[in-house]
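The values are calculated or read from the model by the stated rules, or taken from the named source; none is laboratory data. All figures in this text were calculated on a predicted structure; none of them were measured in a lab. Ligands, DNA and RNA are excluded from the accessible area calculation, which covers all protein heavy atoms including side chains. Shrake-Rupley method; radii C 1.70, N 1.55, O 1.52, S 1.80 Å.
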Amino acid sequence: MKRKLIAAAMALATAAGISIVSTPTANAYAYWRNGYFYADTSYSRNVPGVYVKIIGRRDVANQLYHVRVWLYDTKTDGNKAAARIRGWDKQTNKFIEESSLMRTTGAKGSAYGEFTLGTGTADTLILQDCIYGKTCGSNSVAIFRRYAS
């Protein structure tokens, strides 16, 4: 039943022009509800010890995307958990902005942040979990997509 709900949420997200960039595990989610987009990074190949959840809302008139980020560091160590959101431009075929990056202190716990990102030139906004200054997960979640593909 849980897999059917995930599949339905992914189909709804795809129909709305948002999709998962890579294949998620059964407990990852990405869906639209009442004008808000909900996603997390509980997918395979994420960074161990880091977990990110977001709620996003698009402001079409002002070409902005407002996002609330909850960053969880699941263990105390020398690594600082981080969440990164980058904008991708199809025309230049490269990342054009990295305007939101947050991190924890390295202790087990959580952090919260709110960001406003421009969508005037970015075709897609991509969320990744990371270890600050070291690595990011090889999988990511598209939290905004201008054009359905």
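General observations
- Full-extension gain in nm, Lys134 to Val60, via 0.36 nm per residue minus C-alpha separation: 23.2 nm
- Carbon/sulfur fraction of accessible area - segment 29-145, other protein chains in place, 1.4 Å, %: 47
- Accessible surface of Glu114 - all protein chains present, 1.4 Å probe, nearest 10 Å²: 110
- Of all aspartates and glutamates in the structure, those lying under 18 Å Cα to Cα from Lys108, and not within fewer than 8 positions of it along the same chain, are Asp73, Asp77, Asp129.
- Accessible area per residue was computed with a 1.4 Å probe on protein heavy atoms; Ser110 scores about 80 Å².
- Rounded accessible area per residue of segment 29-145, 1.4 Å, Å²: 48
- Only Cα sites of segment 30-88 enter the Debye sum here, all with the same form factor; the resulting log10 I(q)/I(0) across q = 0.21, 0.27, 0.31 1/Å is -0.89, -1.19, -1.33, listed in q order.
- Net length gained if the chain between Arg33 and Lys94 were fully extended (0.36 nm per residue, minus Cα distance): 19.0 nm
- Alpha-carbon Rg/Rh ratio, for segment 29-145, with Rh computed the Kirkwood way: 0.97
- Taking every protein chain into account, the 1.4 Å probe leaves Lys108 with about 140 Å² of accessible area, to the nearest ten.
- Per-residue HN-Hα couplings for segment 50-65 [Karplus 6.51, -1.76, 1.60; θ = phi - 60°; Hz; x = Gly/Pro]: 10, 8, 10, 10, 9, 10, x, 9, 8, 10, 5, 4, 9, 6, 10, 10
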